[in-house]
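The values are calculated or read from the model by the stated rules, or taken from the named source; none is laboratory data. Since the model is a prediction, treat every value here as computed from it, not as a measurement. Here Cβ is always computed from backbone atoms with ideal geometry, including for glycine, and neighbour counts include all displayed protein chains.
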Amino acid sequence: MPHAAFEPASSLLSRLAARGGASSMQRFCGDIAFPIDPLFRGERVAIEQLAQLAGCDAAALEWVSVRHLGKGHFRLRDEFASLQSFQRLRVRVCPECVRAEAPCAAESWRVPRRLQWKFSSIRSCPEHGCMLVTLPPEKFSKDARDFSAQLRKHYGWILDQPMIPAGHSPFEQYLTDRILKGRGDRWIDRLELNVVSRACEVLGLRIAEGPDASLAGHREADWMSFGASGYYVLKDGPAALSECLGAMAREEGVDGRFFGRVFGAWATWLKSRSLGDEFEPLRDVVRRHVFDHFSVRKGVLVLGVPSEGVASPNVREPFTLKGFAKRNAEDLVNRGLARRQADGTIVPQGFVTQRMLESYEREKKFFRAGGGAVGSAAAAIAPAPVGIDAAGGGHLSMSVVARRLRVTVETVGYLVVHGLLCGMKNSECYRRGATVVTAESMRGFRENFISLGEVSEVTKRPQGALSMKFRNADVALLAMPHDLSRIYWREDMGVYLATKR
Ligand SMILES: [Zn+2]
């Protein structure tokens, strides 16, 4: 039996059983002694056995099969998903796909289930431009899992369903591509799947319905449009999210003094204790926005982290550049840390603190003293001989460096442009115009710096909690615009990495 690229293992097994005339998948597996439960848990051995039985490629089958790790934890390849991301006990299908692929109930086995139909946030079929329908519920989950038997049983009902036209939104398309093809390198791609899908929907709800809307009581079609508008913001990363949150505070009739009232359902949802650690990178951006834009009394919890009571920068007196910072004002503009006003004077950006300028000075003097392996950025971008690196270390793509340093690709770009990492345009080795980073300069960088992501990995503590701890301890950050990943001096981290708590 052919395996469609989007078909999970459980559907393939169900179709094999139905084509063979078995009354149910359970019975079929009993007859041929097939390990049905391991297959439903997504275990590799069972998937390989099924691939052999069906005569298809085991790797392709495993690519689209969800592993169940127990206690509501699921994995699809390196993607994390939760109970809420799936329709587990109800089967959803596109009625038009069923009509087109199965001429009658007895041949329902011809319709492969699409992996994307299982995800709660995907609600339409791009091929037919209509809403998916959810089959009537079953009493036992083992019956609901037998896809072909469900189609056979409800075939008439499915064909009777009115076709509800619905465009496939860029949000649904994004999720579908990610589920079927894998994830990319942007900030949104690094948020876990269950975080992205729900975050887009809840942010969209707040955008569309205002601060008083509640999380409950919306129709599927509403959630679909909420998801689309939330995705429109989140796809562009933390700066876009922060900008969107800033705009909420300026809305007509909103009490802009309290972040909880401004953000409404978005804040309520993010606060919820049922959300796991994988939500921390998102919470972290929102927290940072709150600490930067609202005056929060000392001790008040902002998404689980107590405020230090530091006044927000729009309350703080603007300060003028002095000493080292003043002498390097042009470079600060270049680095995105200062801006030139209409009268020609250069002032620090709103998020820049004296502490950050001290960090900038420390970095500049360190590199000037030859502490880093990196020369000037201009010299570094000269083409390198094909395949040979002067230092013998080879080249790494921007996305590989981002993954290894556990920072965003945008951050790597910034580090290269400003000479903290040595990059080169190597059109011979890589596709034309692609910037690559020398392995040697990455080693040098790592000797001196460590990202928040790396600290989190080593200490096994969530990023949000760590970043607040460091902020409260006044640990210096590498001076960069606030929408980039946070990077610390490795020498400052000794005590935190040693205790691992
Ligand atoms: Zn369809």
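A few comments on the model shown:
- Region 85-96, residues that are among the charged types (D, E, K, R) and near the ligand (Cβ under 9 Å from one of its atoms): E96
- Here region 102-119 is the region considered, the condition is being surrounded by fewer than 22 Cβ atoms within 10 Å (Cβ to Cβ) and assigned to a loop (DSSP other than H, G, I, E, B), and the residue that is farthest from the ligand (Cβ to nearest atom) is C104.
- 3 or more residues surrounded by 16 or more Cβ atoms within 10 Å (Cβ to Cβ) and charged (D, E, K, R): qualifying helices (runs of 4 or more DSSP H) within region 234-330: 280-293
- When E209 is tested against the conditions (1) in contact with a Ser or Thr (Cβ under 7 Å, 6 or more places away or on another chain); (2) more than 20 Å from T134 (Cα to Cα); (3) not basic (K, R), the lone failure is (1).
- Residues located in region 163-207, provided they are assigned to a helix (DSSP H, G or I) and either farther than 30 Å from V401 by Cα or among the acidic types (D, E) (or both): E172, D177, D189, E201, V202, L203, G204, L205, R206, I207
- Subset of region 208-226 that is hydrophobic (A, V, I, L, M, F, W, C) and part of a loop (DSSP other than H, G, I, E, B) - its residue that is surrounded by the fewest Cβ atoms within 10 Å (Cβ to Cβ): A216
- Of all the residues in region 478-500, those that are touching a residue at least 40 places away in the same chain (Cβ under 8 Å) and either in a loop (DSSP other than H, G, I, E, B) or in contact with a Leu (Cβ under 9 Å, 6 or more places away or on another chain) (or both) number 13.
- Test: S229 is surrounded by fewer than 17 Cβ atoms within 10 Å (Cβ to Cβ), of a type in the set (S, T, N, Q) and farther than 19 Å from T408 by Cα: no
- Checking each residue of region 123-140 against the condition of being away from the ligand (no atom under 16 Å from the Cβ) and closer than 26 Å to L175 by Cα gives at least one match.
- In region 176-227, the qualifying residues are those that are among the aliphatic types (A, V, I, L, M) and free of Cβ contacts under 8 Å to residues at least 60 places away in the same chain, and the one that is farthest from V262 (Cα to Cα) is I188.
- In region 38-59, the residues that are at pLDDT 90 or above, under 21 Å from H73 (Cβ atoms) and assigned to a helix (DSSP H, G or I): P38, L39, R44, V45, A46, I47
- Scanning region 141-162 for residues that are more than 15 Å from the ligand (Cβ to nearest atom) and not in a helix (DSSP H, G or I), we see that the one that is farthest from L115 (Cα to Cα) is H154.
- When R99 is tested against (1) closer than 17 Å to F6 by Cα; (2) surrounded by fewer than 21 Cβ atoms within 10 Å (Cβ to Cβ); (3) within 14 Å of the ligand (Cβ to nearest atom), only condition (1) is not met.
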